[in-house]
Amino acid sequence: MVYFTKMVPSQHYLEMHASEVPWHEVVAVIFRTKSPRKKGNKYEIEEKGYYILFEIKDRILYVINAKRDRGNHEMS
């Protein structure tokens, strides 16, 4: 379980990934995922066709990367 009090997009997400995965979808995936996988000092989620990478610093969650899987996954 990870704890944060605020969630913000990183500059990288805004420049490179916001057009592929809108912010409201990123927020929905993060809130419905109970156990993101720890990857070094970051966390990743692979769920229902989405890949999201984020980190938490000073109780602020920064979304770094958000992509859609272009495979045959059902999107919700």
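Only a single item in (1) modelled with pLDDT under 95; (2) surrounded by fewer than 16 Cβ atoms within 10 Å (Cβ to Cβ) is not met by G49, and it is number (2).
Residue by residue through the stretch 8-32, note down the ones that are surrounded by 12 or more Cβ atoms within 10 Å (Cβ to Cβ) and either under 10 Å from the mean Cα position of the chain (by Cα) or of a type in the set (G, A, S) (or both). Selection gives P9, S10, Y13, A18, V21, W23, E25, V26, V27, A28, V29, I30.
Do we have A18 as assigned to a helix (DSSP H, G or I) and among the small types (G, A, S) here? Criteria not met by A18.
Going through the stretch 21-49 one residue at a time, which ones are assigned to a loop (DSSP other than H, G, I, E, B) and farther than 14 Å from I64 by Cβ? Answer for the stretch 21-49, where residues must be assigned to a loop (DSSP other than H, G, I, E, B) and farther than 14 Å from I64 by Cβ: P22, T33, K34, S35, K48, G49. Checking each residue in the stretch 1-28 for being more than 14 Å from Y62 (Cα to Cα), modelled with pLDDT of 95 or more and of a type in the set (A, V, I, L, M, F, W, C) picks out M16, V21, A28.
The values are calculated or read from the model by the stated rules, or taken from the named source; none is laboratory data. These figures come from a predicted structure and were not determined experimentally. For neighbour counting, all protein chains shown are included, and Cβ atoms are generated from backbone atoms with ideal geometry for every residue, glycine included.
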